[in-house]
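Engineer: The following block contains the structure, expressed as structure tokens.
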Amino acid sequence: MVCLFRSTRRLGSPVAGLLLAASANGALAADEAVSGMDGMQQQLDVQTRQIELMKRELQRQEAALAELRRELDLNRRGRGDTPPPAAVAQAAPAPESSRPVGQAPAAPERPPEVAPIFEQPGVLTPPGKWIVEPSLQYSYSSSDKIALVGYTVIPAILIGLIDVRNVKSNSFTGTLAVRRGITNRFELEARVPYVYRFDNTRGREVFTGQATDEFFVDSTGRGLGDVELTGRYQLNDGGGDSPYYIASLRLKTRTGKDPFEVRTSYQADGARASAVQEELPTGSGFYSLTPGLTVLIPSDPAVFFGGISYQYSFKRDNVTPNVVPVTKLANYAEIQPGGVLGFNFGMGLAINERSSFSIGYDHLSVGKTNATFENGAKASGVRVQLGSLLLGFSYKVNSQRTLNLSLGVGVTRDTPDVQLTLRTPLSF
């Protein structure tokens with residue numbers, strides 16, 4: 001029995017060793033598994049931190065890109081530049097790998113610049129900036145006037161004089177405009193014009209004298225025109241597919257020499273010398289207020305724009321024209337100019353980073369002027385339609401100066417035949 005027991009113990013020793021070895025191997029595998037999980041967790045933590053750093057870097061780059069776009073837009077507006085919409089995006093592109101898929105580009109805070117063809121600019125001056133814009137405008141018009149002095153016995157038979165006149169008018173207007181950006185959406189403007197005009201009149205009284213008996217009258221006028229003060233305010237943010245709305249209010253003074261101040265020769269017994277101005281006026285003679293609304297619709301690569309306005313002129317009382325000899329009938333107890341309803345529309349297109357092109361149409365409907373003389377007699381004018389087809393070109397000379405040239409062609413009888421305007425805005 002003893003031997004059997006000892007033999008059994010000797011056989012159990014290898015089994016115990018195997019059991020101990022298996023236990024040690026299991027513990028070692030468990031330790032390796034725990035160590036592997038810790039390593040994976042550490043790797044995951046490192047990658048998570050890297051992702052967070054990349055996100056913060058992406059946000060920083062997007063903020064820097066938006067700031068750069070805003071500064072480029074402000075500088076472009078201050079210079080009067082007209083780069084195409086793609087030029088701003090190419091100025092500082094974000095890396096493609098860091099740009100989120102499907103994210104729309106940031107909308108500009110201000111409407112795009114276009115070649116100016118109307119008096120009112122479409123883009124406001126940046127806050128704190130000054131823009132000085134000297135301009136020169138040449139205008140030419142010709143008209144035929146027929147005056148009938150007499151009475152009719154039956155229709156189409158006139159007893160009296162027929163005065164036929166051909167008038168050719170030329171005018172040069174040099175204007176200095178100064179604009180100041182008050183806030184990001186509000187600007188003020190002052191315009192001071194100097195006017196030089198000269199008219200050539202040729203006429204003949206039909207049925208009197210010889211067929212070659214004609215008379216010529218040359219009239220000139222020069223001096224300060226009507227000074228204007230204008231405020232403009234951008235009503236909304238706009239951007240993307242949303243239009244920009246800009247409201248304006250203009251006050252026109254009567255600093256120029258008005259038609260009632262210039263010396264006028266008058267004769268009641270002849271048509272030839274009736275109402276001949278010895279000097280041409282440089283102003284309208286009336287104060288006026290003009291509220292208006294301008295709309296700009298960006299549609300890459302073009303910009304569509306339009307506007308509507310209404311000019312109200314304040315009436316004048318006890319007006320005495322400078323007529324020689326003095327006639328009592330010519331003294332006005334009250335005179336009220338008609339209102340002027342205007343609208344315009346057009347399209348601007350950027351050709352490249354330096355040049356742009358605009359085309360548009362401008363129309364003014366001038367209401368009747370009503371007058372009351374001191375003797376109680378009343379007089380009324382007629383409504384006049386003024387329509388012009390406009391073409392504009394803009395070229396950036398450098399970062400602070402731009403040349404703008406616009407051409408206006410009259411499409412109605414009372415509109416000037418040709419209007420050429422050269423502007424050179426300078427930013428400070």
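Engineer: Could you count how many residues in segment 406-428 are closer than 16 Å to A177 by Cβ, of a type outside the set (S, T, N, Q) and buried (at least 16 other Cβ atoms within 10 Å of the Cβ)?
Structural biologist: Residues that pass the stated criteria total 2.
Engineer: Then there is this: Among the residues of segment 107-128, how many are surrounded by fewer than 18 Cβ atoms within 10 Å (Cβ to Cβ) and modelled with pLDDT of 80 or more?
Structural biologist: Residues flagged as surrounded by fewer than 18 Cβ atoms within 10 Å (Cβ to Cβ) and modelled with pLDDT of 80 or more within segment 107-128 amount to 2.
Engineer: Among the candidates P321, P325, P416, P337, single out the residue that is in the same structural domain as R180 (by TED's automatic domain parsing), within 22 Å of L280 (Cα to Cα) and in contact with a helix residue (DSSP H, G or I) (Cβ under 8 Å, 6 or more places away or on another chain).
Structural biologist: Unique residue meeting the criteria: P321.
Engineer: Follow-up. When only residues in segment 355-397 that are surrounded by fewer than 16 Cβ atoms within 10 Å (Cβ to Cβ) and of a type in the set (K, R) count, which is farthest from Y310 (Cα to Cα)?
Structural biologist: The selected residue is K378.
Engineer: Could you grab the pairs with beta carbons closer than 9 Å, sequence gap of 6+ or different chains, first residue in segment 219-236 and at positive phi, second one part of a strand (DSSP E or B) and of a type in the set (F, W, Y)?
Structural biologist: Listed by first residue and then by second, the contacts come to G223/Y194; G223/Y196.
Listed here are the residues, each with its yes/no results for (1) under 22 Å from Y332 (Cβ atoms); (2) modelled with pLDDT under 75.
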{"position": "S242", "(1), (2)": "no, no"}
{"position": "I246", "(1), (2)": "no, no"}
{"position": "L249", "(1), (2)": "no, no"}
{"position": "T253", "(1), (2)": "yes, no"}
{"position": "P259", "(1), (2)": "yes, no"}
{"position": "S274", "(1), (2)": "yes, yes"}
{"position": "Q277", "(1), (2)": "yes, no"}
{"position": "G283", "(1), (2)": "yes, no"}
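Engineer: Find all pairs meeting these conditions: Cβ atoms under 6 angstrom apart; at least six residues apart or on different chains; first residue within segment 277-301 and under 23 Å from T253 (Cβ atoms); second residue β-branched (V, I, T) and modelled with pLDDT under 85.
Structural biologist: Q277/T264
Engineer: Do you know which of the residues in segment 305-332 that are out of contact with any Pro (no Cβ under 8 Å at 6 or more places or on another chain) and of a type in the set (F, W, Y) is nearest to T255 (Cα to Cα)?
Structural biologist: F314
Engineer: Any idea which of (1) in contact (Cβ under 8 Å) with a residue 60 or more places away in the chain; (2) within 30 Å of I117 (Cα to Cα) is the one P321 doesn't satisfy?
Structural biologist: (2)
The values are calculated or read from the model by the stated rules, or taken from the named source; none is laboratory data. As the structure is a computational prediction, the values presented were derived from the model and not from experiment. As a convention, Cβ positions derive from the backbone with ideal geometry for all residues, glycine included, and neighbour counts pool all protein chains shown.
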